[in-house]
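Visitor: Before I ask anything, let me first share the structure, which is written out below as structure tokens.
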Amino acid sequence: MFKISPIPAFKDNYIWLLTLGSRAFVVDPGDAAPVLARLEADGLRLEGILITHHHADHQGGVAELKARYQPVIFAPAKESITGTTHALSGGECIEVLGQMVQVIAVPGHTLGHLAYYASGVLFSGDTLFGAGCGRLFEGTPAQMLASLEHLAALPDETLVYCAHEYTDVNLRFAQAVEAANSAVQLRVLKVAALRTAGLPSVPSTLAEEKASNPFLRCAEQAVIEAALQHAPIQGDCVGGAVNRSKEAVFAAIRGWRNTF
Ligand code: ZN
Ligand code: FE
């Protein structure tokens with residue numbers, strides 16, 4: 001199995017570096033400079049790039065890395081990505097440094113967004129974050145919820161490598177949604193200790209996310225109540241009853257998070 005380590009970029013992005021001996025892949029190289037520096041420092045050869053979605057902070061370094069190393073570039077077919085060599089739509093199985101990697105379509109943040117899953121590790125891009133989820137720039141709440149549920153169905157011990165260090169602010173929101181959730185309280189302490197020590201809060205496990213990420217907990221009574229109290233629940237009001245569907249609760253808390 002390849003080794004995984006972060007290359008910090010911009011203010012809060014993680015470019016994930018996968019290595020097997022001197023062979024390397026990177027996930028979402030938004031900036032080439034820190035990747036080139038790391039490859040040179042560690043004597044690595046870049047064989048490939050995985051792209052989750054088209055935003056500049058995820059693909060901005062591709063052209064420069066391609067010119068230097070001619071890597072294979074796996075990227076969403078539905079989105080415009082510089083230099084794609086393998087266009088993917090989800091459902092494919094690709095080989096990365098000797099590992100079979102499943103490609104999962106997770107529309108919501110963008111419509112072509114992909115996640116990559118290899119035995120026990122998930123690269124979730126801007127779809128599933130530590131204790132949060134990406135903004136809905138292109139997709140609908142129903143699409144994003146279905147994407148998150150697809151990821152949540154992977155094994156509990158799966159390590160979640162997302163693309164941003166947003167966990168502490170996401171946890172503050174999680175506390176606002178579920179003040180009495182002890183998994184959230186424990187995670188606040190754990191993440192504060194990691195961040196104080198200058199360490200990433202990523203990866204988490206899917207089990208931790210299911211226990212403390214409000215966007216994976218839209219069927220929980222406490223989350224439903226918080227959504228009803230703090231955010232207008234959109235959707236039909238059949239016979240005077242409030243819509244408490246998971247989709248409506250998800251849309252309400254996602255909207256609340258946007259202004260939190
Ligand atoms: Zn993005
Ligand atoms: Fe991003």
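The values are calculated or read from the model by the stated rules, or taken from the named source; none is laboratory data. Values in this document were obtained by computation on a predicted structure and should not be read as measured data. Here the Cβ is made from the backbone with ideal geometry for all residues, glycine too, and neighbour counts use every protein chain on show. Surface areas here come from the heavy atoms of the whole protein model, side chains and all, with no ligands, DNA or RNA. Shrake-Rupley method; radii C 1.70, N 1.55, O 1.52, S 1.80 Å.
Visitor: Filtering region 112-137 down to residues that are within 15 Å of ligand 2 (Cβ to nearest atom) and among the aliphatic types (A, V, I, L, M), which residue is surrounded by the most Cβ atoms within 10 Å (Cβ to Cβ)?
Guide: Ranking the candidates gives 128 first.
Visitor: Sort out which residues of region 138-156 are open to solvent by less than 10 Å² (accessible area, probe 1.4 Å) and within 15 Å of residue 249 (Cα to Cα), and write them in order of number.
Guide: Scanning region 138-156 gives 144, 145, 148.
Visitor: Inside region 52-74, can you point out the residues that are open to solvent by less than 30 Å² (accessible area, probe 1.4 Å) and in contact (Cβ under 8 Å) with a residue 60 or more places away in the chain?
Guide: Once the filter is applied, which keeps residues that are open to solvent by less than 30 Å² (accessible area, probe 1.4 Å) and in contact (Cβ under 8 Å) with a residue 60 or more places away in the chain, region 52-74 yields 52, 53, 58.
Visitor: Got a sec? Which of 30, 21 is open to solvent by 50 Å² or more (accessible area, probe 1.4 Å) and under 28 Å from residue 93 (Cβ atoms)? Steps first, please.
Guide: Details: 30 fails: open to solvent by 50 Å² or more (accessible area, probe 1.4 Å).
Unique residue meeting the criteria: 21.
Visitor: Here are 56, 63: which of them is more than 16 Å from ligand 1 (Cβ to nearest atom) and either under 23 Å from residue 136 (Cβ atoms) or out of contact with any His (no Cβ under 6 Å at 6 or more places or on another chain) (or both)? Quick ask: steps written out before the conclusion?
Guide: Numbers: 56 fails: more than 16 Å from ligand 1 (Cβ to nearest atom).
Only one candidate passes the filter, namely 63.
Visitor: Just give me the residues in region 157-189 being surrounded by 15 or more Cβ atoms within 10 Å (Cβ to Cβ), away from ligand 2 (no atom under 16 Å from the Cβ) and assigned to a helix (DSSP H, G or I), in sequence order.
Guide: 168, 171, 173, 174, 175, 176, 177, 183, 184, 185, 187, 188 - these are the residues of region 157-189 that are surrounded by 15 or more Cβ atoms within 10 Å (Cβ to Cβ), away from ligand 2 (no atom under 16 Å from the Cβ) and assigned to a helix (DSSP H, G or I).
Visitor: Which of (1) open to solvent by 30 Å² or more (accessible area, probe 1.4 Å); (2) more than 15 Å from ligand 2 (Cβ to nearest atom); (3) in contact (Cβ under 8 Å) with a residue 40 or more places away in the chain does residue 102 not meet, given it meets every other one?
Guide: Of the numbered conditions (1) open to solvent by 30 Å² or more (accessible area, probe 1.4 Å); (2) more than 15 Å from ligand 2 (Cβ to nearest atom); (3) in contact (Cβ under 8 Å) with a residue 40 or more places away in the chain, the odd one out for residue 102 is (3).
Visitor: Filter region 109-132 down to residues that are within 14 Å of ligand 1 (Cβ to nearest atom) and outside any loop (DSSP other than H, G, I, E, B) and give me whichever is nearest to residue 17 (Cα to Cα).
Guide: Here the residue is 123.
Visitor: Any chance region 133-145 includes a residue that's assigned to a strand (DSSP E or B), under 15 Å from the mean Cα position of the chain (by Cα) and within 16 Å of residue 27 (Cβ to Cβ)?
Guide: So in region 133-145, the residues assigned to a strand (DSSP E or B) come out as 133.
Imposing the further condition that a residue be under 15 Å from the mean Cα position of the chain (by Cα) reduces the set to 133.
Remaining after also requiring within 16 Å of residue 27 (Cβ to Cβ): none.
Scanning region 133-145, I find no residue that is assigned to a strand (DSSP E or B), under 15 Å from the mean Cα position of the chain (by Cα) and within 16 Å of residue 27 (Cβ to Cβ), so the answer is no.
Visitor: If you don't mind, there's one more thing I want to ask. For region 26-65, name all the residues that are acidic (Asp, Glu) and within 16 Å of ligand 2 (Cβ to nearest atom).
Guide: Those that are acidic (Asp, Glu) and within 16 Å of ligand 2 (Cβ to nearest atom): 28, 31, 57.
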